[in-house]
Structures are given as C-alpha cells and as structure tokens.
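Worksheet: the structure to be examined is printed underneath.
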Amino acid sequence: MIEDWHQPWLNGVELLEDSNHNKHFLPTGYEGIDVLLGGGLCEGQLTEMVGPSSSGKTQVCLYSAALVADKHFGVVMFVDTCNSFSPKRIACIVDQLSSSFSGEAKERRLKRVMSNIFCHSVFDIFALLDVLHQLEFKLKQQVKSGDTKICLLIIDSISSLLTPVLGGKGSEGRLLMVSAGIILKKLANEYNISVLVTNHMVGGEGGILKPALGESWKSIPHVRLQLTRDQGSNICNVSILKHTFMATGRTAKFVIHSRSCSVQDGRGR
Amino acid sequence: MEENPRGWIHGDETAKAMLSRILTERPFLFLPPLHRVPLRVGNVVEIAGPSPSAKSQILLHAAVNCILPEEWKGIRFGGLGRMVMYFDLDCRFDVLRLSQILKHRIMEAYRSTNNTYWKEKGEHQKNDAPTTHMYLCDDELFLDCMRRFLYIRCYNSFEFLAALKAMHSHSQRESEALGVSVHFLMIDSIGAFYWMDRACQPMPIGGSKRKNVSLQSLAEAVVQEICKLLQMQPVLVLATKATIFGAGTSGNDAQRAFGKWCSEGKMDSRTSSREGEKLMYREYMPSSWQMKLYLVGNMEHFLRMHLNGCSLH
C-alpha cells in the first residue's frame, strides 16, 4: 500500500510528545555552550561547529564524548577524519571528572567510558556514507535496550571529507554533501541521536573568513555555531549563526582547561 | 437527450455572476505575515531567498494564524481555525518553535483582552490575577490548535510523491475527525532534493514502456499531483525555496536542468530589488514547476515573493 512508501503522518500534539519524551539535551560539558543552547546538544538535531583551526572545536567534541559516555546517556560514535581523536585526552578529562575517586574506581570508570566510545577513522566521503548506512542498518535491527543505544554521533571534521569533492563544475560533490546531510538528519530524527559535525573556515570577499562548504550546506544543519579563540588565551567565544528557535547573534564564552594532566601508566597507581 | 446547441453556446452564467460566486466561495485572505499580498485558495506561492532569510518563519507564522480559531471563550484571536498540512522536505522543522509562536500569540491575545477589560472598568493597573485564571484554559486551546497542524517528513522525492498521493485521503479522515478542512499546504523546501534528482540517470526502468526517471519527470509528477489535489480540494500552497546559485557561478548547471522543456533554451536569471539592494540568483527548479499555472487553467494565480532578510519576531 502507499502507506509503506512514505513516513507516517503526525500532528502537532504527537510531535510535541515525541520532542518531550525522546529528544533530550546532551551537555557538552562547557557551561557557556550549554547555557547558550538551552541545555546542550539536542537529540534529533544536526549541530555544526564552525571555526578557524585551533578554535576549540575538537576539544568540544572530545569533552562532549567523554561526558556523555561518563554520565550514562548512551553510546558515543566518533567519526574521525583528521586523526584528532585522542584517547589520552579522554583519559585526562575522565581524570578531571573523577578527581574525588580512588585509583581503582578511576580505572574502572575510565574503562567504562572508553568502552562506550566507538571511534571510526574515515578518510573519504564514500567511506563515511558507508559507515552511516551500516549504522542505520544496525539500528533498524537493534532492539531498543536501555543505555546501549547510541545517542551522540560526532564527525570531526566533515568539511575535510567534502571539500575535496566540492568545487568544479560537476554536481557530484553537492550531491554527496546533500545525501550525507539527509542521512545524518534521518539518523538524528528516527533514532534520537544528536549529531555534531565540525567545519572549517575559508576566505571570503574582502578577506573576511566565512564557513566552508558553500551555500547548499547552509540549509542542512539545524544549529550552526561559530567558535573563535583569542590568540594565546584559553577563553573561546561561541556565537549562534543559525538556530531553530533561538535568535542568531547570541554569544557566550567558555574556557578550555589546560591540556596538562598527570600521565598514568597502564597499571595505574 | 435532445440537442440544444443554442443553450450550449449561451453558457451557464454570466461573467459577473461567476465573479461574485468565486469571490464568496474563495475570498481573498489577508493573513499576516503575508497580509500585503492578496491570496486565495488555489494559489501556488513560492517564497524564495538565500539561506538565513526568514522563509521558514513565514510558513510557521502563517500556520499559527491558520490553526488559531477565530474566537474562543470570548477572546478574539482572528485566526482561521482550519488545518495546515506541512511537508517537511528539509527535515529541519522544530516543533518547539511552532509552540513558542503559538503560545506567544495566545498570550498576546489574552493580554490585550485583559487591557481592554481593565480600561472599561476604569482601572489603570495591570492586575495579573484574572490572567492567571485564563492561563489555565490555555492548555485546552493550545492542544486544540496543535491538533490542526498535520506534519509529514520526506527523505527523497519518491516519499514526497507518495505522501502527495496519500494526502487527500488522509486529510479527508482528519477533516471528519476534527470537523474543519485544510487551508494550507506548506512545502519546506521545494528544492531540497534537487541535487539528488539531478543525478537520476534518464534511463528507462523495467523496459521501454515505463517512464524514464529524471529531474524533469519527477518535477512533472510532483506538479501533476499538486494540480490533482488542488482540483479535489482547494488549498493555498506555500513553498519555500533556498536560492543556492550566486550570480557568478558557472552557467552549465542551470542550463542542463532546463533541458528541452524550456522554450528559450538559455539561462534564466532573476533580479529583485528591495530597498535599493539587488539580489541575483539563478533559477534552478525545472520549468514544469515554474510554469505550473499554465498547465491547470486560468483560475490559478502564480505569485513570487523575493525576500532579502525581513525581520520577524
């Protein structure tokens, strides 16, 4: 029947119920961002972080991954395209979070967090689409069971996969970009996942930096945040470029803690 | 039946009678935020603009004005009290924004009624006590309105077509359940699957008897479904479209999209000026969408509004 060919019809009341029951906010761990976004990253939405290099995007990704895995929200999938995933950094963060615990408990906690983060390395857009299709297939088969369900999908950075295929007169690049956007939003909506992607900046008119990936990408994410960091400082600025229900232009500051932490050997002490 | 060629020539009614009939059956509506533009049921309106202009916000405000009732428990809201069908092709709809706008409108109506109430009584203080009593009745009105908002998400053109085909029967069911008819058909946004449809190879599927799948044929199918719907059930169609081609991009992409259906066979660029600014963009939707009115008849009226950053609450 034709009902099989399209998504089900919903009305406003059902949409609200779904939003209240299923679409929770996942904290990033940085208070400035969480307050700005009204709670954190929203499940069911595609959030994009744009910023020049070394503006704190990867740090936010790693911190949210660690926090979400630590607080039992669910499983985190980290798609790494530029070798930015650092288990040492995750260990540092968990160390900070569990500073009041003893050595043994810390070890157990770190193990649990690490086992809840799945990291995939992909280096081109086709591999990414493959990973996403496999994830969709797996989620369709999976019976919903407690907290083993994925709730956060991070792609750092999606622009390094898309920029090589965009550009030129061919339309294949934009097709791949739009297809990736549609799959990400479908995963977010249907399986209550929050998707976080990072993007870099390129030079625009008059030398002003603008987000990469062009005009067609602008209408794909739900939320677009811009990060900037003053040179040599720990304080980052985040401002809203686009949001589904908040005014653009709102800004906040957050502090990235220094990277040094005690390196523990494998056995712990 | 005996032939009566003379009666056949004379027609059923005079033009004047027809005009007055149409204006009563399908009156012009001036709904904010589109209240400067006279729109009637049966019109197809495309709202085009670059990405961060407020196109989706216009749809949401128009939807709220449609689902609010004319009057409820003595308070005048000025809405239509009819249903809205929202096709979310961009998959970026946020129900929290819709409920935010709806709640704001309800509060505003309560507040203005409260002000007039106190003015009549001769008091000048704004006392919140009576309004809190009214806030409790909010929920019922709010849920009533939200039930009139029908929503469907589509992830590709085929799902969109299937949803359009199924829309009529679904809207009939809902009309019977709620007792009101559909007024708006909103599509956000019509160009969402452009790149995916362009990549469809114009190859015959299942033998040469089946129609080819290509950008043009998909666009025509969509247009045909909408026309069928408009004939069976007159609604006002609002579609948003993001303008993605800047003025300086290469022309081959847009040219290929028109194919052999376009009569001119050259690129189509549109300009619009608003407060002195010029906005150039390339039309990328196939001409079957643009030429929709010619396919259906002279009752349709095809309008375009070009936005360049308008400010809405």
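Read the figures in this text as sums done on the coordinates, not as results from a lab. Bear in mind the structure is a predicted one, so any value in this text is a computation, not a measurement. Cβ coordinates were reconstructed from backbone atoms using ideal geometry, including for glycine residues, and neighbour counts include every protein chain displayed.
Using θ = phi - 60° and the Karplus relation 6.51 cos²θ - 1.76 cosθ + 1.60, list the HN-Hα couplings for segment B:89-104 in order, rounded to whole Hz, with x at every Gly or Pro.
Working through the residues one at a time gives 8, 7, 6, 10, 5, 10, 5, 5, 5, 4, 6, 4, 5, 5, 5, 4 Hz.
By count of other Cβ within 10 Å, fewest leading, how are A:Trp5, B:Trp8, B:Trp195 ordered?
Sorted ascending by nearby Cβ count, the order is B:Trp8, A:Trp5, B:Trp195.
Hey, fewest Cβ within 10 Å first, where do A:Phe137, A:Phe245 land in order?
Neighbour counts put them in this order, fewest first: A:Phe137, A:Phe245.
At each listed q (0.14, 0.17 Å⁻¹), what is the log10 of I(q)/I(0) that the Debye formula gives for chain A modelled as equal alpha-carbon point scatterers?
Debye output, listed in q order: -1.04, -1.49.
Under a point spin-label approximation (7 Å from Cα along Cα-to-Cβ), what is the B:Ile9-A:Gln96 distance to one decimal in nm?
Spacing of the two 7 Å Cα→Cβ label points: 9.1 nm.
Please list B:185-193, A:51-59 highest first by mean number of surrounding beta-carbon atoms within 10 Å per residue.
Going by the mean number of other Cβ atoms within 10 Å, highest first, we get B:185-193, A:51-59.
If I model a spin label at A:Gln231 and A:Glu136 as a point 7 Å from the Cα along the Cα→Cβ vector, what separation in nanometres do I get?
About 4.5 nm separates the two model spin labels.
So if we plug the beta-carbon distance of B:Lys73 and B:Ala177 into 1/(1 + (r/R0)^6) with R0 = 25 Å, what FRET efficiency do we get, rounded to 0.05? Working shown, then result.
Details: r = 22 Å, r/R0 = 0.89.
Working from the Cβ atoms, E equals 0.65.
If Lys and Arg each add +1 and Asp and Glu each add -1, what is the summed charge of the other residues whose beta carbon sits under 9 Å from the beta carbon of A:Leu46? Write out the running numbers ahead of the final one.
Working: positive: A:Lys185, B:Arg92; negative: A:Glu48.
With Lys, Arg at +1 and Asp, Glu at -1, the neighbours total +1.
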